[in-house]
Ligand SMILES: Cc1cc2nc3c(=O)[nH]c(=O)nc-3n(C[C@H](O)[C@H](O)[C@H](O)COP(=O)(O)O)c2cc1C
């Protein structure tokens, strides 16, 4: 499956079948996790067959999970710049999982940390968990808002930029908050901004949206403003 197809097919799934992740798929995920951790200083871990992290959460309106037995623990040092990396590389793994036929859901709020299932290095915190497995449903597309609200450009932006925006607007964000903006500058330089949210998670959301934008726009068409 092309990455853009996986981006379009991905939706948050919170109810899972009692079906294990095959050994070969788990190995593919582990290899990607190892590469990402080594290259970027993250400490992402795959936890299989552990039913407690998403079980018995007393939240009525948001984050009702059932049947979650597999998940990623997205651990990394604390801090803004790490949060963007957490989002970017966590989403790379989400899209890989989707292309392997698995469903996912990011969780920043509605999970429990189960001691003994993961390890932290000094200075690490758990930023999020990502539920993984075979969903009972493929999930539903979150409502789309007009793209124009999420970018600034001098005149009509080029096709590659619009495709990047389309992919960014399909990105998962905490409570679907989408507190980001993409700004097109001359010479195909793209700047990003985040806005305040009482929920937080806006830097993680931005990293996720930037991963989507790169897939939609094509990395060769632009450079990020540092
Ligand atoms: C950083 C982050 C944290 C999230 N935390 C939770 C959570 O704690 N519980 C939950 O049920 N969903 C959580 N979500 C999933 C969002 O609610 C979901 O991505 C959003 O509503 C958009 O829907 P979609 O993923 O189906 O496109 C989180 C998503 C992100 C990106």
Those residues of the range 96-115 which are within 15 Å of the ligand (Cβ to nearest atom), modelled with pLDDT of 95 or more and surrounded by fewer than 16 Cβ atoms within 10 Å (Cβ to Cβ) amount to 113
Inside the range 195-216, the number of residues satisfying the requirement of being touching a strand residue (DSSP E or B) at 6+ places or on another chain (Cβ under 8 Å) and more than 12 Å from the ligand (Cβ to nearest atom) is 3
Scanning the range 13-47 for residues that are buried (at least 18 other Cβ atoms within 10 Å of the Cβ), under 15 Å from residue 70 (Cα atoms) and within 16 Å of the ligand (Cβ to nearest atom), the one farthest from the chain's Cα centre (by Cα) turns out to be 16
Only one of 214, 191 is surrounded by fewer than 14 Cβ atoms within 10 Å (Cβ to Cβ), not assigned by TED's automatic domain parsing to the domain that holds residue 106 and not in a loop (DSSP other than H, G, I, E, B), namely 191
Residue count, the range 116-174, condition more than 11 Å from the ligand (Cβ to nearest atom), in contact (Cβ under 8 Å) with a residue 12 or more places away in the chain and in a helix (DSSP H, G or I), comes to 11
Quiz prompt | So residue 87, is it in the same structural domain as residue 34 (by TED's automatic domain parsing) and either near the ligand (Cβ under 10 Å from one of its atoms) or assigned to a strand (DSSP E or B) (or both) | solution = yes
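The values are calculated or read from the model by the stated rules, or taken from the named source; none is laboratory data. The structure displayed is predicted, hence computed values, not measured ones. Quick reminder, even Gly has a Cβ in these numbers, built from the backbone with ideal geometry, and neighbours come from all protein chains shown.
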